[in-house]
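The values are calculated or read from the model by the stated rules, or taken from the named source; none is laboratory data. Not measured: the values here are computed from a predicted model. No Cβ is skipped: glycine too gets one built from the backbone with ideal geometry, and neighbour counts run over all protein chains shown. Ligands, DNA and RNA are stripped out before the accessible areas are found, and what is left, the full protein with its side chains, is counted by its heavy atoms. Shrake-Rupley method; radii C 1.70, N 1.55, O 1.52, S 1.80 Å.
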Amino acid sequence: MSLEDLVEAFINLEEEKVLKNVESLVKMGKNPYEILEACRRAAEVVGERFERGEYFLSELVYAGEIFNNVMKIVLPLIKREIKPLGTILLGTVQGDVHDIGKNIFKAFAEAAGFKVIDIGVDTPPEKFVEAVKIYKPDIVGMSGLLTIAYDAMKRTVEALKEAGLRDKVKVIIGGGRVDENIKRYTGADEWADNAIVGVKKCKQMLGLGG
Ligand code: B12
């Protein structure tokens, strides 16, 4: 049983094999993050096959279900620290319903000691603004995997500005394809295409090292 076997089974969408592999790897004491990262790599290949027309939407949906079932086994294993570091308001932006990566980032941020308020998927800018007024978070985290998500992120940052809230929060964006250019385009303070790095950057933004 190895991470490579897991990746192969995931790419072939062999759910039973994937879940058995995950259970064995967990029993062997494998780091939960490595297991999730292997699944993320496999999901990327599924996405590429979808792009090439080798897999269809039903297979994309199935890959999402397999990932969610893996998370049910792995996420409860992540240890939580006790001290609250700060509050993160988190959501997937308008037009985008991908939430697997968001949920993984949430679990890692909570494990590191952040309080996370999750406002869900396909979240319009006004909903982010309302939630910032209510929860007064230290950080706003926006997730997005679709190309159209970058405009939604930009609109959300602009809406925070218009509401006079932009300088009261730090903004981090995340998702498989974000980078420094998209950070600049959206007006965010930070970006991360990986949950561990995302948590580290959240700590740094609040002056907590990282
Ligand atoms: C599973 C999946 C789906 C599932 C999603 C299920 C769910 N509940 O999320 C379903 C079937 C619903 C779906 C739908 C669609 N999808 Co889709 N999907 C994928 C797939 C295969 C995997 C995504 C995933 O979960 N990856 C695993 C996670 C763990 O990775 P991650 O999201 O990057 O998260 C990590 C980091 O980015 C980071 N992170 C994530 N969020 C945040 C937030 C913050 C604040 C921080 C700090 C960090 C952080 O931490 C995570 C862990 O390290 C990708 C392929 C790919 N390359 O990503 C395509 C992909 C994203 N989908 C794609 C497309 C086209 C679609 C559809 C338009 C298909 C269609 N024709 O209907 C729809 C869009 C629906 C919508 N409006 O959103 C394209 C997007 C192309 C583009 N450039 O826009 C991709 C890239 C596939 C491809 N190569 O063509 N999809």
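For the pair residue 58 and residue 12, label points projected 7 Å from Cα toward Cβ lie 2.0 nm apart.
For segment 96-190, a simple Cβ point-charge model (Lys and Arg +1, Asp and Glu -1, everything else neutral) yields a dipole of about 200 debye relative to the Cα centre. In terms of the mean number of neighbouring beta-carbon atoms within 10 Å, the peptides 67-78, 6-17 order highest first as 6-17, 67-78. Calculated over segment 86-205, the projected area of the Cα convex hull averaged across directions stands at 5.8 nm². In the full protein context, segment 86-205 carries 43 Å² of accessible surface per residue, based on a 1.4 Å probe and ignoring ligands, DNA and RNA. Extending 7 Å from the Cα toward the beta-carbon at both residue 1 and residue 77 defines two label points whose distance is 0.9 nm.
A DSSP coil position with no more than 14 other Cβ atoms inside 10 Å describes none of the GluC sites (Glu not before Pro) in segment 112-210. Ranked by the mean number of other Cβ atoms within 10 Å per residue, highest first, peptides 106-113, 202-209 order as 106-113, 202-209. Using the Cβ-Cβ distance between residue 184 and residue 161 with R0 set to 25 Å, the FRET efficiency works out to roughly 0.95. Taking Cβ atoms as reference points and 14 Å as the exclusive limit, the residues near residue 40 contribute a net charge of -3, counting Lys and Arg as +1 and Asp and Glu as -1.
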